[in-house]
Amino acid sequence: MPISPRQHYLPFILLFAIANVLGCGGSTETPAPTNPQAEPLTPPPAVTLTVQVAGDVKLAEGLRLLRGEWKALSGGELKVDSVSLAEFFAAERLDGDVVIFPSRLLGTLVERGDLRPLRATTLSSPAFGMNDIYPAIRNGEMKYGGQVFAFPLGSPPLLDFRQVKVDVAASDRGSAIPLTVVPTDGPSAAYAFILRALGHTESYRRYEALFDAADMKPRIAEPQFVRALVELTAANSGRADQPPVGFAEAMRLVGNGAGGSTLGWPSALDEQFAAAEGAAPRDVEFTAVAAPSDVYSHSRGAWEKETNPSGVVLLGVEGRLVAVTTATRNAVPAFQLAQWLTVGDLAVGLSSRSTGTLWYRASQAGASGKWLKGLEVAKEGEPVTKVVAAALATDAPVLIPRLPAIDEYLAVLADAVRTAPADEAAAQAALDGVAAKWEEITNRLGRDRQISAYRRHLGETE
């Protein structure tokens, strides 16, 4: 006998009914009462939904494997379009129903009017399990202008990745193995530099470290950034004659014993790393990035020693978000699909395919091996799940500014970082040049517009 559309959606109805009775995610909070008028009691007819995946081929491949399961569950078809970031940027508006994209682009899409915010009933639903998501993501990366616009698929903080048997605390002394491998290929140069500079920045100014929210004047040439550039160039001196490497390649070098430490995150290495010859390191670990003890005091205009320096949690280097577009005519099933992709075992299987994600719910920590992709960390080190949980427990992470044209700003900075000599005067001149080019970008895009976007990035509401 043919199955009716209502029967197709029966699993959804049962899932939400059971979840409302039992709760989920171990939360002890009482969910807000739902409005019976907010969600339709009768599921909509089965429809074809289009998902656009930007800049992540592996996620697109994983999503295609779920088409049959989605059809069995909803009765609808699922079309998956995989596009490069260049194609994504070239489009003036988004087509389709759902979009998966790098988290740093959230501001760009919201400012263009491309995304629908999530309803309060979804956020309070036990089926979604908002409290199971780490605070840095639920209170930071998912929000823009005080509103939640996207479901998470995971966002890795930058961590130290090191060989535990190498003295990585010492500086390079001309040893055969460089003690530090600095990622400087592509945008990784900008990210590694920003992280180091934030360590020299007073903690209360870190969230607004790159621009002044009052007028969008760049702060990139301030003393803490100059010192960070000098230090970064000096740390990379052991590889000055080598081609620049990105995060994944730097981790491969450290994992294979060709370096002592670098920056990275647990999922940055793809599955080919574990299968490659000689690429199964045992004596490696992830740790929080240690903050330097010297901080530049903006109010005093002088350097000061911190007796208890605080580490930096930087997000937006990677990270993936799932959102529903304003172009869709099928908003209800589109939101159901987006939620379906980001909860339960299915979310673990999908998210862990990407090198730009990480477990993002406390309940997913037991499945961390899916994201590690065969990388074995030293047992004597602190468990990587504990390191990640501590980093993502903060309510105030530093987010890469989610500005329109953020990649253009970062490209200018990355070029300067890669070519700067380890000399303070030269570093100052290089960053003065970056500031001037950033001003040009801001003026071209419209200063008032960029100021408004930056303030919304910082959490200000209208």
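The values are calculated or read from the model by the stated rules, or taken from the named source; none is laboratory data. Treat the numbers as computed from the prediction; the structure is a model and nothing was measured. For neighbour counting, all protein chains shown are included, and Cβ atoms are generated from backbone atoms with ideal geometry for every residue, glycine included.
Looking at the stretch 231-260, which of the residues that are among the polar types (S, T, N, Q) and either free of Cβ contacts under 8 Å to residues at least 24 places away in the same chain or surrounded by fewer than 23 Cβ atoms within 10 Å (Cβ to Cβ) (or both) is farthest from Asp160 (Cα to Cα)?
Restricting attention to the stretch 231-260, the residues satisfying the condition of being among the polar types (S, T, N, Q) are 233, 236-237, 242, 256.
Going one step further and asking which of them are either free of Cβ contacts under 8 Å to residues at least 24 places away in the same chain or surrounded by fewer than 23 Cβ atoms within 10 Å (Cβ to Cβ) (or both), we end up with 237, 242, 256.
Numbers: Ser237: 19, Gln242: 21, Asn256: 16 Å.
The residue in question is Gln242.
Within the stretch 335-351, track down each residue that is under 18 Å from Leu315 (Cβ atoms) and either surrounded by fewer than 19 Cβ atoms within 10 Å (Cβ to Cβ) or within 14 Å of the chain's Cα centre (by Cα) (or both).
Step one: filter the stretch 335-351 for residues under 18 Å from Leu315 (Cβ atoms), giving 342, 351.
Ser351, the sole residue that qualifies.
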Consider Gly356 carefully, then state whether it is small (Gly, Ala, Ser), part of a loop (DSSP other than H, G, I, E, B), crowded, with 22+ Cβ neighbours inside 10 Å and not assigned by TED's automatic domain parsing to the domain that holds Phe193.
yes
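For the subset of the stretch 117-145 comprising residues that are of a type in the set (Gly, Ala, Ser) and either out of contact with any helix residue (DSSP H, G or I) (no Cβ under 8 Å at 6 or more places or on another chain) or assigned to a helix (DSSP H, G or I) (or both), which member is nearest to Ile451 (Cα to Cα)? So that I can check it myself, show each step before the final result.
If we filter the stretch 117-145 for residues that are of a type in the set (Gly, Ala, Ser), which is where we start, we get 120, 124-125, 127, 129, 136, 140, 145.
From what's left, either out of contact with any helix residue (DSSP H, G or I) (no Cβ under 8 Å at 6 or more places or on another chain) or assigned to a helix (DSSP H, G or I) (or both): 120, 136, 140.
Numbers: Ala120: 28, Ala136: 24, Gly140: 19 Å.
The extreme case among them is Gly140.
Out of curiosity, is Ser175 in contact with a helix residue (DSSP H, G or I) (Cβ under 9 Å, 6 or more places away or on another chain), among the polar types (S, T, N, Q) and modelled with pLDDT of 95 or more? Quick ask: steps written out before the conclusion?
Numbers: in contact with a helix residue (DSSP H, G or I) (Cβ under 9 Å, 6 or more places away or on another chain): yes; among the polar types (S, T, N, Q): yes; modelled with pLDDT of 95 or more: no.
Considered against the rule, which asks whether it is in contact with a helix residue (DSSP H, G or I) (Cβ under 9 Å, 6 or more places away or on another chain), among the polar types (S, T, N, Q) and modelled with pLDDT of 95 or more, Ser175 comes out as no.
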So in the stretch 376-389, with the set limited to residues that are in a helix (DSSP H, G or I) and touching a residue at least 40 places away in the same chain (Cβ under 8 Å), which one is nearest to the chain's Cα centre (by Cα)?
Val388
Considering residues of the stretch 352-375 that are over 14 Å from the mean Cα position of the chain (by Cα) and of a type in the set (A, V, I, L, M, F, W, C) only, the residue nearest to Leu63 (Cα to Cα)
Trp371
Condition check: touching a Ser or Thr at 6+ places or on another chain (Cβ under 7 Å), surrounded by fewer than 23 Cβ atoms within 10 Å (Cβ to Cβ) and at pLDDT 95 or above. Does Ala209 satisfy that?
yes
Checked Ala268, Ala250, Ala290, Ala240 against criteria (out of contact with any Cys (no Cβ under 8 Å at 6 or more places or on another chain) and at pLDDT below 80); the one match is Ala240
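Does Leu59 count as loosely packed, with under 15 Cβ neighbours inside 10 Å, within 22 Å of Trp371 (Cβ to Cβ) and either within 20 Å of the chain's Cα centre (by Cα) or without any contact (Cβ under 8 Å) to a residue 40 or more places away in the chain (or both)? Step through it out loud before you land on a result.
On the way: loosely packed, with under 15 Cβ neighbours inside 10 Å: no; within 22 Å of Trp371 (Cβ to Cβ): yes; either within 20 Å of the chain's Cα centre (by Cα) or without any contact (Cβ under 8 Å) to a residue 40 or more places away in the chain (or both): yes.
So Leu59 does not fit the description; no.
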